[in-house]
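FYI, it's all coordinate maths here, none of it is from the lab. Since the model is a prediction, treat every value here as computed from it, not as a measurement. Note that we place each Cβ from the backbone using ideal geometry, even for glycine, and neighbour counts take in every protein chain shown.
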Amino acid sequence: MNQSNTVNPFVNNTDNEWSQLLNALEQTLGKRPADTNAVLFLIGVQELGKGILHFTKEQKQDLMHIAICKVLSLGGFYQLEGTDQDGWPHWKLISKLPHFDVTSQETLLRTYIIQYFRDELSFH
């Protein structure tokens, strides 16, 4: 069978679980996150632990980085080094990420985001 005609159940399952997660977040927050970056921002705010504040553009980028490191730590790619004097977490890369195309990167992130909400926040 031609590989392009085969269906990858992992991707389809991730898509279904992603949709369910977005639906659950919409019910909780009253607004559906627009994309993966919006969900990563929410995770960054959660991991920072300071609640909803007014963040500068640079801080928003830092929150996204915190979230990416946190969710990829579930796959053994990053390890928390500690927090700085302002309480911002700092991460260390411990395992090189595989080189993926953009679609595969998105699927990888979404898979670990789903795991984060299950494991860390008991979201089912």
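Each pair of Cα atoms in the chain enters the Kirkwood radius, and Stokes-Einstein at 25 °C and 0.890 mPa s then converts it into a translational diffusion coefficient of 157 µm²/s.
In straight-distance terms, cross-link reach from K57 covers every one of the lysines whose alpha-carbon lies under 27 Å from its own, apart from those fewer than eight places away in the same chain; here that gives K31, K70, K92. Label sites at R118 and L53, each approximated as a point 7 angstrom past Cα along Cα to Cβ, lie 3.3 nm apart.
Between F123 and R118, the built amide H atoms are under 5 Å apart, and every one of these is 5 or more places off in sequence or on another chain. The chymotrypsin sites (Phe, Trp or Tyr not before Pro) found in the range 14-101 that occupy coil by DSSP, while having at most 14 further C-beta atoms within 10 Å, are F100.
Among the trypsin sites (Lys or Arg not before Pro) within the range 13-57, those in coil by DSSP and having at most 16 neighbouring Cβ atoms inside 10 Å are K31, K50.
Taken over the range 68-114, the ratio of Cα radius of gyration to 2.2 N^0.38 Å equals 1.26.
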